[in-house]
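Q: Okay, handing you the structure first.
Since every read-out is calculated from the coordinates, none of them should be taken as a lab result. Here the structure is a predicted model, which means the values were calculated and not measured. Ideal geometry is used to build each Cβ from the backbone, glycine not excepted, and the neighbour counts take in all protein chains shown.
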Amino acid sequence: MRQGKHHTVKKALRKNRISVMLNDSEMRALENYCQRYKFRNRSQAIRQLLIKNILQRFDNDTPTLFD
């Protein structure tokens, strides 16, 4: 049996760092969120929440045909 070429998807390398300070209640909320939705990696949860919020806001701010 002949095997085809393997196509690999290159992951986007994360080389930019940001730092965020949270107060106690914000940290508890983040920990509860990660536990409830079974995130093992808080950085992954924060990235997903941040990008989702940014994309939703961009989508809401774009002009529509009948504005």
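Q: Compute, for the chain, the length of the dipole vector about the Cα centre, with Cβ point charges of +1 (Lys, Arg) and -1 (Asp, Glu) only. Units Debye, rounded to 20.
A: 780
Q: How large is ³J(HN,Hα) for each residue in region 24-40, as worked out from phi by the Karplus curve 6.51 cos²θ - 1.76 cosθ + 1.60 (θ = phi - 60°), to whole Hz, x for Gly and Pro?
A: 4, 5, 5, 5, 4, 4, 5, 4, 5, 4, 4, 5, 5, 9, 6, 7, 8
Q: What does the net charge come to around F39 if you take all other residues with beta carbon closer than 11 Å to its beta carbon, with K and R at +1 and D and E at -1?
A: Summing Lys and Arg as +1 and Asp and Glu as -1 gives +4.
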